[in-house]
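*Asks:* Below is one structure. I have some questions about it.
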Amino acid sequence: MKITVFDHQGKKKSAWELSEKLGSVNSVLLAQALRIYESNSHQKTSRVKTRGEVNGSTRKIYRQKGTGNARHGARYAPIFVGGGIAHGPKGVRADMLILPKKMRRKALASAILLKAQNDELVGLANADKLSARTATIANLLSTIANHPKKKVLVVSKLRTDALYLGLKNIQGASLKNANLVNALDLVSADHVVLTQDALDSIMTRILGSSTPLKKTVKKADKK
């Protein structure tokens, strides 16, 4: 599968071909990985008070008989406004869900392939020649990723000053390190831009070996 490649000026270059070792999109595994990543991203520290923890009077709300209403004793029962909460969160962080390494790799491969199939993945060559000006980076993203109509994720192996300074003030665009990016990051973005070293790093993570870029990503033959 080939992905379109642009240089730092927004001009098309020879396409990159993804390795066949990535396999195919495993939608079931990808959905499981997204659920685990989203669950683990929550702090889970929310806490509410029970009826026994709400401060206030313990006087019987009204007499037992003769009012025509249901019998009640506590003003702070869960059915009243301002009362305690029944079965609410306790503020205790549950155990983190764990996704095994092989499943994480396959989920990342599925996310890459899914983006490539939907034409939402492009390569960026000569990223080291980029200007740090925000306007320059914004024009480039508009050309290669339809920004600002689409939320763009730029993935780079090294934090270059040009990408960092140029992207930090652009709304709807973010920068992520290739060693930290996961399937949720890729799927959440409308468009993904990969630098050459970032794609090499991701391929190394997926294939589980320090294979150089020229063996995992093949440049298409020039016509």
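No value in this document is a laboratory result; all are computed from the given coordinates. As the structure is a computational prediction, the values presented were derived from the model and not from experiment. Cβ: placed from backbone, ideal geometry, glycine included. Neighbour counts: every protein chain shown.
*Asks:* Mind telling me which of Lys149, Lys65, Lys49 comes out most flexible in a GNM of the chain, alpha-carbon contacts under 10 Å?
*Replies:* Lys65
*Asks:* Quick check on the chain: helices-only [θ] at 222 nm, where DSSP H runs of length 4 and up contribute -39,500 (n - 2.57) each and the sum goes over total residues. Nearest 500, please.
*Replies:* Taking each H run of at least 4 residues, the total per residue is -9500 deg cm²/dmol.
*Asks:* Please pull out the direction-averaged projected area of the chain, using the convex hull of its alpha-carbon atoms, in nm² to one decimal place.
*Replies:* Numbers: hull surface 73.6 nm².
That works out to 18.4 nm².
*Asks:* Let me ask you something else. Amide H neighbours of Leu124 under 5 Å, at least 5 residues apart or on other chains, H built in the peptide plane: list them.
*Replies:* HN-HN under 5 Å from Leu124: Phe6, Leu194, Thr195, Gln196.
*Asks:* Once amide H atoms are placed 1.01 Å from N in the peptide plane, what residues at a sequence separation of 5 or more from Lys2, or on another chain, have their amide H within under 5 Å of its amide H?
*Replies:* Leu18
*Asks:* Long-range amide H contacts for Lys49: which residues qualify at under 5 Å (H placed 1.01 Å from N, peptide plane, sequence gap of 5 or more or a different chain)?
*Replies:* Amide H to amide H, under 5 Å and 5 or more residues apart or across chains, Lys49 pairs with Ile85.
*Asks:* Taking the Cα centre of segment 1-133 as origin and charging only Cβ (+1 Lys, Arg; -1 Asp, Glu), how large is the dipole, in debye to the nearest 20?
*Replies:* In debye, rounded to 20, segment 1-133 gives about 960.
*Asks:* Then there is this: So, counting K/R as plus one and D/E as minus one, what does the shell of residues with Cβ under 11 Å around Thr45 add up to?
*Replies:* That sum, taken over residues with Cβ under 11 Å, equals +4.
*Asks:* Percentage of Cα-Cα pair distances in segment 48-88 greater than 12 Å, rounded to whole percent? Please list the in-between numbers first.
*Replies:* Values: 468 of 820 pairs.
Of the Cα pairs, 57 percent sit more than 12 Å apart.
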